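**Student:** Here it is: the structure, laid out below.
The values are calculated or read from the model by the stated rules, or taken from the named source; none is laboratory data. Since we're looking at a predicted model, the values are computed, not measured. Here the Cβ positions follow ideal geometry from the backbone for every residue, glycine too, while neighbour counts run over all protein chains shown.
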Amino acid sequence: MVRARTPQLPSFYDPANAVRWSYSPNLRDLFTSAQDYRRQLNIKAAAGDRFKVHLLIIDGQRDFCFPEGTLYVGGRSGTGAVDDSRRIARFIYENIHVLTHITPTLDTHFPFQIFFPSFWVDADGNPLQPHDMISADLTILRLGKPVGKAAPNPAVAGFLCNGNYTWLQKQVRFYCEKLAEGGRYQLYIWPEHCMLGSDGHTLVGVIQEARMFHSYVRQMQSEAEVKGGNPLTENYSVFSPEVTLRFDGSGVLGSKNVRFIQSLMDADALVIAGQAASHCVKSSIDHFLAEILTQDPGLAKKVYVLRDCTSAVAVPNPKGGFFVDFTDQAEEALQRYAAAGMNVVNSTEPIESWPGMNVAA
C-alpha cells in the first residue's frame, strides 16, 4: 500500500490572515486546491481511518478572536486568541492526514438573554453595564463593589413568559441561586456578542479555511454544533446549559447534548482547542469529564487539550492591569484535567509523540 506523504502547508495559507477580520476563503478555489493536494500527497478519505481523531474547536468566532470583536479574548498577552487561531490552522494543516473529524461550535445569541445588559435593570430602571456581576440575592457587583439590586427588564416578560413578570422574577432569582450552589460562580453580564446574523458570529477566516480544506481533502463532512440561544440560561458548554431547570418544575430550560457527547466518546482521541479557556472551553471540558467519570475514568486519557490554542478572558484596564482576569482559573482547570488523566499538550509537538496517540506516521 502506498503511504501518504508528510503533509505540507498549502500554498494559499497565510498566517497573517489570522489578524484580518475581513478575511474569508474562496471556497471554490479551496475545493480545487484540495483535489490537487489530496492526489499529490496520496491522502485517503477519513472514513477509512482506523484510529479516529476528532478535533473540537470551541467558539473560534470573530467576536472572540479579533481585537475588533465585542468580546475579544486577548488573554494577558493581549494577542491570545489571534495567536491561537494561527496555531489552530497550522495544526490542522500539519495533521490533516490523521484528523478524522473537525467540529466547530458556534456561540449563538439573540438581543435579550440573561447574561446581556438588556435583560436587566437597576433600581432606577437603567440597563446594567457589561462586566457587572449579579450575586445569588440579585445584588449588582460593579468592579467588585455592590451598587444596588438588579431586576429583570419588565419588557422581557412580555415576549418571554406571556407577561408574567412575577414568574420571571422568581425564575431569575432561582437561576442565580443555582449558579452559586457549591461555590460555582456568580452571573456575569457580558458585552453583546455572537449575535446570530452578525459578522462577529462567523468563524475566523483562517479557521474556516483550514476546516473546509480538511473537509475537502479528507472527504469528510464538517458539521457545526450551535449553542447558546436559550434566553434564560447560559450555555458556556457545548454539552449542556449551565442551569437546566425551571423554579416551578413546569419544564426544563435545556438538556444534555447526548448525541454529540456520544459521538465524541466514540472517537479514539478527542483534541480540544478554542475560546475561551476560562469559560466555554473550561465548561465544555468539565461537562465532558463528568460524563467520562460516570462511564469509565480511564477514558480521560484519550482527551488532549491544546494549551497553546486557547486563552483566558482578561479585560484590560486602560489605567493598568485588568478589570477582570480569569487566567488563574483557566490554569487551575488545566491542572485538574491533567490530574484526571487528560493530556495537556502543545500544538507544536508532533501528534504521533503524544501519549496514546496511535496515528500513522
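**Student:** If a residue must be free of Cβ contacts under 8 Å to residues at least 60 places away in the same chain and within 23 Å of Pro152 (Cα to Cα), how many such residues does the range 236-259 contain?
**Tutor:** The number of residues fulfilling the criteria is 9.
**Student:** Further question on the same structure: Quick one: which of Lys170, Lys178 is under 29 Å from Val315 (Cβ atoms), in the same structural domain as Arg142 (by TED's automatic domain parsing) and either at pLDDT below 95 or out of contact with any helix residue (DSSP H, G or I) (no Cβ under 6 Å at 6 or more places or on another chain) (or both)?
**Tutor:** One residue alone meets the criteria, Lys178.
**Student:** Quick one: which of Lys301, Lys282 is in the same structural domain as Asp268 (by TED's automatic domain parsing), farther than 11 Å from Leu270 by Cβ and not in a strand (DSSP E or B)?
**Tutor:** None of the others qualify; the one that does is Lys282.
**Student:** For the range 212-244: of the residues being surrounded by fewer than 17 Cβ atoms within 10 Å (Cβ to Cβ) and of a type in the set (Val, Ile, Thr), which is nearest to the chain's Cα centre (by Cα)?
**Tutor:** Among those residues, the one meeting the criterion is Val226.
**Student:** Determine, yes or no, whether Leu56 is touching a Ser or Thr at 6+ places or on another chain (Cβ under 7 Å) and not small (Gly, Ala, Ser).
**Tutor:** It is true that Leu56 is touching a Ser or Thr at 6+ places or on another chain (Cβ under 7 Å) and not small (Gly, Ala, Ser).
**Student:** Right, next: Looking only at the range 75-106, which residues are surrounded by fewer than 23 Cβ atoms within 10 Å (Cβ to Cβ) and under 13 Å from Val315 (Cα atoms)?
**Tutor:** Passing the criteria: Arg76, Ser77, Gly78, Thr79.
**Student:** If you don't mind, there's one more thing I want to ask. When you scan the range 197-221, how many residues do you find that are in a helix (DSSP H, G or I), within 21 Å of Pro15 (Cβ to Cβ) and not aliphatic (A, V, I, L, M)?
**Tutor:** 8
To keep it simple, each residue is scored yes or no on (1) over 30 Å from Ala314 (Cβ atoms); (2) among the small types (Gly, Ala, Ser).
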{"position": "Tyr13", "(1), (2)": "no, no"}
{"position": "Ala18", "(1), (2)": "no, yes"}
{"position": "Asn26", "(1), (2)": "yes, no"}
{"position": "Arg39", "(1), (2)": "yes, no"}
{"position": "Leu55", "(1), (2)": "no, no"}
{"position": "Pro67", "(1), (2)": "no, no"}
{"position": "Thr70", "(1), (2)": "no, no"}
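**Student:** Shifting gears a bit: Could you check how many residues of the range 255-284 are of a type in the set (A, V, I, L, M, F, W, C) and either farther than 19 Å from Gly356 by Cα or modelled with pLDDT under 95 (or both)?
**Tutor:** 7
**Student:** Do we find a residue being surrounded by fewer than 18 Cβ atoms within 10 Å (Cβ to Cβ), assigned to a loop (DSSP other than H, G, I, E, B) and assigned by TED's automatic domain parsing to the domain that holds Ser278 anywhere in the range 330-341?
**Tutor:** Checked against the condition, which is being surrounded by fewer than 18 Cβ atoms within 10 Å (Cβ to Cβ), assigned to a loop (DSSP other than H, G, I, E, B) and assigned by TED's automatic domain parsing to the domain that holds Ser278, the range 330-341 yields at least one hit.
**Student:** Just the residues that are more than 30 Å from the chain's Cα centre (by Cα) and assigned to a strand (DSSP E or B), please, taken from the range 147-156.
**Tutor:** Answer for the range 147-156, where residues must be more than 30 Å from the chain's Cα centre (by Cα) and assigned to a strand (DSSP E or B): Val147, Gly148, Lys149.
**Student:** When you check Val313 against the structure, is it assigned by TED's automatic domain parsing to the domain that holds Ala89, closer than 26 Å to Val98 by Cα and modelled with pLDDT of 95 or more, yes or no?
**Tutor:** no
**Student:** Do we find that Ala273 is under 23 Å from His201 (Cα atoms) and either part of a strand (DSSP E or B) or out of contact with any Pro (no Cβ under 6 Å at 6 or more places or on another chain) (or both) in this structure?
**Tutor:** yes
**Student:** Is it the case that Thr6 is at pLDDT 95 or above, surrounded by fewer than 19 Cβ atoms within 10 Å (Cβ to Cβ) and among the β-branched types (Val, Ile, Thr)?
**Tutor:** No: the conditions fail for Thr6.
**Student:** Only one residue in Tyr185, Tyr175 is without any contact (Cβ under 8 Å) to a residue 40 or more places away in the chain and under 28 Å from Tyr72 (Cβ atoms), so which one is that?
**Tutor:** Tyr185
Each row is one residue, and each column tells you yes or no for (1) more than 16 Å from the chain's Cα centre (by Cα); (2) at pLDDT below 95; (3) assigned to a helix (DSSP H, G or I); (4) under 17 Å from Met212 (Cβ atoms).
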{"residue": "Met1", "(1), (2), (3), (4)": "yes, yes, no, no"}
{"residue": "Pro25", "(1), (2), (3), (4)": "yes, no, no, yes"}
{"residue": "Asp36", "(1), (2), (3), (4)": "yes, no, yes, yes"}
{"residue": "Ala47", "(1), (2), (3), (4)": "yes, no, yes, no"}
{"residue": "Phe51", "(1), (2), (3), (4)": "yes, no, no, no"}
{"residue": "Leu55", "(1), (2), (3), (4)": "no, no, no, yes"}
{"residue": "Phe64", "(1), (2), (3), (4)": "no, no, yes, no"}
{"residue": "Gly75", "(1), (2), (3), (4)": "no, no, no, no"}
{"residue": "Val82", "(1), (2), (3), (4)": "no, no, yes, no"}
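**Student:** Select, from Leu128, Leu143, Leu138, the only residue that is outside the structural domain of Arg246 (by TED's automatic domain parsing) and at pLDDT below 95.
**Tutor:** The conditions single out Leu143.
**Student:** Within the bounds of the range 138-152, is there any residue that is crowded, with 21+ Cβ neighbours inside 10 Å and under 24 Å from Tyr23 (Cα atoms)?
**Tutor:** No, every residue in the range 138-152 fails to be crowded, with 21+ Cβ neighbours inside 10 Å and under 24 Å from Tyr23 (Cα atoms).
**Student:** May I pose another question? Can we say Met195 is under 28 Å from Asn358 (Cβ atoms), among the aliphatic types (A, V, I, L, M) and at pLDDT 95 or above?
**Tutor:** When the stated conditions are applied, Met195 does not pass them.
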